[in-house]
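Notes follow once the structure below has been shown.
The values are calculated or read from the model by the stated rules, or taken from the named source; none is laboratory data. Here the structure is a predicted model, which means the values were calculated and not measured. Please note: Cβ atoms are built from the backbone with ideal geometry, for glycine as well, and neighbour counts cover all protein chains shown.
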Amino acid sequence: MGFFIVFEGIEGCGKTTQISLTGNFLKQRKLPFIITREPGGTPIGDEIRKILLSSKNTDIIPLTELLLYTASKVQHLHEIIQPALSSGAIVLCDRFFDATVAYQGYGEGIPLALLEKVHNLFLQGLAPDLTILLDCAAELGLNRSRRRIQLEGKEQAEGRFEEKELAFHERVREGYLQLARHEPQRFHIIDAGLPIADAQQKICSCLTEKLKEKGYAV
């Protein structure tokens, strides 16, 4: 069976926190699940992640980004995601292909038709069963993310996207909202400006309903 759930959103929207809390929700109910992320999820993907996030690599062009992200996803899909889904597990993933459309498509200007071809050719057109979109103003998310990176001392290792101008992040946010408008049956939008506990309550309420529809005893 399996159930593929992806958390999406701009920098600083709180995905990592909400995925961890959602994992606790599933653990309490003794449901089989894994938590993973993009880019990353595998040893190869983690090496690609270092290249993509490092602020030293400001000369990466959008097409190179696309190819690197796709390489990570292909390995991730083969090594982690598909085996977990085949075993009946719930997969909680921090970003997947919607992020590519939002960031490399709407953000960087790569044609959406090309991204669709990449998705179908290399990722078999796999789409999540449910996409949780944590939405907040670009300025709010960017300030949160920059503050976190500074506190953790990761400006060089993880700060490449935080160095981009606000207009880029606004395009990315609008891209996500466009995707949600096109597929309302798959997307569930959560106000990422809410207190953490309130946002989690809304996520769990949606998730409970969807899990019952998929046949999981919640």
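Points to keep in mind about this one:
- Qualifying position, being out of contact with any Asp or Glu (no Cβ under 8 Å at 6 or more places or on another chain) and more than 27 Å from H78 (Cβ to Cβ), among G215, G125, G141, G159: G159
- All of (1) touching a residue at least 12 places away in the same chain (Cβ under 8 Å); (2) in a helix (DSSP H, G or I); (3) under 26 Å from L194 (Cβ atoms) hold for Q156 with one exception: (3).
- Some residue of region 53-66 being β-branched (V, I, T), buried (at least 19 other Cβ atoms within 10 Å of the Cβ) and within 28 Å of D135 (Cβ to Cβ): no
- Among all residues of region 20-38, there is at least one that is in contact with a strand residue (DSSP E or B) (Cβ under 9 Å, 6 or more places away or on another chain), part of a helix (DSSP H, G or I) and within 19 Å of S145 (Cα to Cα).
- Listed by first and then second residue, the pairs linking a residue in region 14-33 that is under 16 Å from D191 (Cα atoms) to a residue that is among the charged types (D, E, K, R), with Cβ atoms under 7 Å apart and 6 or more places separating them unless they lie on different chains, are K15/D94; T16/D94; I19/D94.
- Some residue of region 5-23 being over 20 Å from L133 (Cα atoms), out of contact with any His (no Cβ under 7 Å at 6 or more places or on another chain) and either modelled with pLDDT of 95 or more or not basic (K, R) (or both): no
- Checklist (1) under 24 Å from F96 (Cβ atoms); (2) modelled with pLDDT under 90; (3) not polar (S, T, N, Q) applied to E155, failing item: (1)
- A search for C-beta distances below 8 Å between a residue of region 50-70 that is under 21 Å from F97 (Cβ atoms) and any residue that is β-branched (V, I, T) and not in a helix (DSSP H, G or I), counting only pairs 6+ apart in sequence or on different chains, returns I51/I60; L52/I60; P62/I110; L63/I110; L66/I110; L68/I60.
- If you go through region 79-113 and keep only what is free of Cβ contacts under 8 Å to residues at least 24 places away in the same chain and either part of a helix (DSSP H, G or I) or surrounded by 14 or more Cβ atoms within 10 Å (Cβ to Cβ) (or both), you end up with Q82, P83, L112, A113.
- Residue in region 40-57 that is among the hydrophobic types (A, V, I, L, M, F, W, C), at pLDDT below 95 and under 26 Å from N143 (Cβ atoms) present: yes
- Set side by side, the residues L134, L166, L140 differ, and just one is under 26 Å from F3 (Cα atoms) and among the aliphatic types (A, V, I, L, M), which is L134.
- Scan of region 63-104 for residues that are within 15 Å of the chain's Cα centre (by Cα) and at positive phi, ordered by number: R95
- Any chance K50 is outside any helix (DSSP H, G or I) and either surrounded by fewer than 16 Cβ atoms within 10 Å (Cβ to Cβ) or more than 16 Å from the chain's Cα centre (by Cα) (or both): no
- Of all residues making up region 182-217, the number that are crowded, with 18+ Cβ neighbours inside 10 Å, assigned to a loop (DSSP other than H, G, I, E, B) and at pLDDT 95 or above: 1
- Flag for L179 being among the hydrophobic types (A, V, I, L, M, F, W, C), closer than 18 Å to F4 by Cβ, surrounded by 15 or more Cβ atoms within 10 Å (Cβ to Cβ) and touching a residue at least 60 places away in the same chain (Cβ under 8 Å): yes
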